[in-house]
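Novice: A single structure is presented below for examination.
The values are calculated or read from the model by the stated rules, or taken from the named source; none is laboratory data. Note that the structure is predicted; figures quoted are calculated from it, not measured. Cβ atoms come from the backbone with ideal geometry, glycine included; neighbour counts cover every protein chain shown. For the accessible areas, the whole protein counts, side chains as well, though only heavy atoms, and no ligand, DNA or RNA atoms are used. Shrake-Rupley method; radii C 1.70, N 1.55, O 1.52, S 1.80 Å.
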Amino acid sequence: MKFLHTSDWHLGRAFHRVNLLGAQAAFVDHLVETVREREVDAVLVAGDVYDRAVPPLPAVELFDRTLHRLADLGVPTVMISGNHDSARRLGVGAGLIDRAGIHLRTDPAGCAHPVVLADAHGEVALYGLPYLEPALVKDEFSADRVSHEAVLGAAMDRIRTDLAARAPGTRSVVLAHAFVTGGQPSDSERDITVGGVEAVPASVFDGVDYAALGHLHGCQTINERVRYSGSPLAYSFSEVHHRKTMWLIELGADGEIAGAERIDTPVPRPLARLRGRLDDLLADPAHAVHEDAWVEATLTDPVRPDDPMARLAARFPHTLSLAFDPEGREEESGSSYAQRLRGRSDQEIAEDFVAHVRGGGRADEAERAVLQGAFDDVRADDSRQETHR
Ligand SMILES: [Mn+2]
């Protein structure tokens, strides 16, 4: 059986100031074409369909068109909500569109009710496990701790129990949205840390033949049976070296991974991260290949040049981000607020603030726990309001 595994569409997301809706629509065209050409048996979408809980109308319209096109293909689709989606909003009408062959799984309580497909070798059970916010689903899964590992482990236990009750030899696939240990993050995933821990071991997925994961935006293979498809488009300059793809997975007669092929997704415009003095960036023939790219430039001139954006744009008209890192300067001084925050977690920033206002005294262990608890509460509260509003 052949699956097309994708995730993290983030419909409605912009890249700096560029609207990506056209690129996202082109990706959907490509997906539909691939399903037809490669005779795919099922499409798996592992969460973060939208970029925000309340997406802009054009993104909702694109999603609507996408649902119709998937339904017209006559190929089943299983889709879960991710941490960026509002599970409740995304799940509206799920019972109805189920009849059209699109199985939208946004309710954690239903995770052990699979979509069952069959081929010449027997049945395949596809379990859609939506993103689980530990504080919100702890009771549902009677988890002993508020952690990703506890709730995901409990949900997987339910799935394994359901699978064990099926005919011997039933093959299985699970869709999940999580950070698995060993995965490489980029700058465009939203932090899901709980109690200082965000990652779960890949062994949590033991017992199923394939885990189709979403959350991390780079395509990666955690092991033969546990993979991330990555996002179809780059959503930050940190993804400059990513090759954006979907996985075409072939599940064999005995549940073995008989094939795993990366299908390239359309690239709206390449990315480039350039660093150097302005005059060098403008003159260096090596940068000719980047003239048409979306550019992030870091200028290292000791003195900030006049009108740098306009001058850069003369050669690189698609420059989207400009930063300054003067040569020979101390790390901290001269860097902008945004530069100093780049790549740091909320927890690290808060701890730095404590040290700053104390004139250098770092937060102790108890204080760090208080800060972490506060961040956990805020995130859980955001999702809870989203759920019950
Ligand atoms: Mn995502």
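Novice: Collect the residues in the range 306-329 that are of a type in the set (Lys, Arg) and modelled with pLDDT under 95, keeping them in residue-number order.
Specialist: So the first thing to find is which residues in the range 306-329 are of a type in the set (Lys, Arg), and the list is 311, 315, 329.
Scanning the range 306-329 gives a single hit, ARG329.
Novice: Among the listed residues ALA135, ALA109, which satisfies the condition of being touching a residue at least 24 places away in the same chain (Cβ under 8 Å), more than 23 Å from GLU250 (Cα to Cα) and surrounded by fewer than 16 Cβ atoms within 10 Å (Cβ to Cβ)? Break it down stepwise before answering.
Specialist: On the way: ALA135 fails: surrounded by fewer than 16 Cβ atoms within 10 Å (Cβ to Cβ).
Going through ALA135, ALA109 in turn, just one is touching a residue at least 24 places away in the same chain (Cβ under 8 Å), more than 23 Å from GLU250 (Cα to Cα) and surrounded by fewer than 16 Cβ atoms within 10 Å (Cβ to Cβ): ALA109.
Novice: Read through the list (1) in contact (Cβ under 8 Å) with a residue 40 or more places away in the chain; (2) in contact with an Asp or Glu (Cβ under 7 Å, 6 or more places away or on another chain); (3) surrounded by fewer than 22 Cβ atoms within 10 Å (Cβ to Cβ), then give the number of the only condition that GLU250 fails.
Specialist: Only one criterion in (1) in contact (Cβ under 8 Å) with a residue 40 or more places away in the chain; (2) in contact with an Asp or Glu (Cβ under 7 Å, 6 or more places away or on another chain); (3) surrounded by fewer than 22 Cβ atoms within 10 Å (Cβ to Cβ) is unmet by GLU250, namely (2).
Novice: A further question follows. Quickly run through the range 39-53 and pick out the residues that are within 21 Å of MET1 (Cβ to Cβ) and either acidic (Asp, Glu) or within 16 Å of the ligand (Cβ to nearest atom) (or both). Lay out the reasoning, then the answer.
Specialist: First pass over the range 39-53, keeping only residues within 21 Å of MET1 (Cβ to Cβ): 39-46.
Across the range 39-53, the qualifying residues are GLU39, ASP41, LEU44, VAL45, ALA46.
Novice: Can you pull out the residues in the range 78-103 that are closer than 15 Å to ASP8 by Cα and either in a strand (DSSP E or B) or over 19 Å from the mean Cα position of the chain (by Cα) (or both)? Let's see the steps before the verdict.
Specialist: At the first step, the residues of the range 78-103 found to be closer than 15 Å to ASP8 by Cα are 78-87, 90.
Within the range 78-103, VAL78, MET79, ILE80 qualify.
Novice: Could you list, in sequence order, all residues of the range 173-190 that are assigned to a strand (DSSP E or B) and buried (at least 23 other Cβ atoms within 10 Å of the Cβ)?
Specialist: Kept after step one, since they are assigned to a strand (DSSP E or B), are these residues of the range 173-190: 173-177, 179-180.
Of everything in the range 173-190, those that are assigned to a strand (DSSP E or B) and buried (at least 23 other Cβ atoms within 10 Å of the Cβ) turn out to be VAL173, VAL174, LEU175, ALA176, HIS177, VAL180.
Novice: A further question on this structure: Among the residues of the range 272-318 satisfying the criterion of being among the small types (Gly, Ala, Ser) and within 26 Å of ASP187 (Cβ to Cβ), which is nearest to the chain's Cα centre (by Cα)?
Specialist: Kept after step one, since they are among the small types (Gly, Ala, Ser), are these residues of the range 272-318: 272, 276, 283, 286, 288, 293, 297, 310, 313-314.
Now drop any that are not within 26 Å of ASP187 (Cβ to Cβ), which leaves 272, 276, 286, 293, 297, 313.
On the way: ALA272: 21, GLY276: 31, ALA286: 33, ALA293: 23, ALA297: 25, ALA313: 31 Å.
Selected residue: ALA272.
Novice: Another one. Please state which of the following conditions GLY195 fails to meet, knowing it meets all the rest: (1) within 16 Å of the ligand (Cβ to nearest atom); (2) modelled with pLDDT under 95.
Specialist: (1)
For every residue, the table says whether it meets (1) in contact with a helix residue (DSSP H, G or I) (Cβ under 7 Å, 6 or more places away or on another chain); (2) assigned to a loop (DSSP other than H, G, I, E, B); (3) within 16 Å of the ligand (Cβ to nearest atom).
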| residue | (1), (2), (3) |
| --- | --- |
| ALA112 | yes, yes, no |
| VAL151 | yes, no, no |
| MET156 | yes, no, no |
| LEU163 | no, no, no |
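Residue by residue, here is whether (1) under 27 Å from ARG342 (Cα atoms); (2) open to solvent by 30 Å² or more (accessible area, probe 1.4 Å) holds:
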| position | (1), (2) |
| --- | --- |
| ILE192 | yes, no |
| ASP206 | no, yes |
| VAL226 | no, no |
| LEU278 | yes, no |
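Novice: Here is a follow-up. Could you identify the single residue in ALA234, ALA260, ALA253, ALA211 that is part of a loop (DSSP other than H, G, I, E, B), more than 16 Å from the ligand (Cβ to nearest atom) and on the phi < 0 side of the Ramachandran plot?
Specialist: Values: ALA234 fails: more than 16 Å from the ligand (Cβ to nearest atom); ALA260 fails: part of a loop (DSSP other than H, G, I, E, B); ALA211 fails: part of a loop (DSSP other than H, G, I, E, B).
The conditions single out ALA253.
Novice: While we're on this one: Do you know which of the residues in the range 54-77 that are part of a helix (DSSP H, G or I) and over 18 Å from ASP98 (Cβ atoms) is nearest to the ligand (Cβ to nearest atom)? Spell out how you get there, then give the answer.
Specialist: We begin by selecting, within the range 54-77, every residue part of a helix (DSSP H, G or I); these are 57-73.
After this cut, where a residue has to be over 18 Å from ASP98 (Cβ atoms) as well, the list is 57-62, 65.
Working: LEU57: 21, PRO58: 19, ALA59: 14, VAL60: 18, GLU61: 21, LEU62: 17, ARG65: 21 Å.
That would be ALA59.
Novice: Now, a different point. Can you pull out the helices (runs of 4 or more DSSP H) entirely within the range 276-374 that have at least 2 residues that are among the acidic types (Asp, Glu)? Show your work before the answer.
Specialist: Numbers: elements: 278-283, 308-315, 337-341, 346-357.
It comes to 278-283, 346-357.
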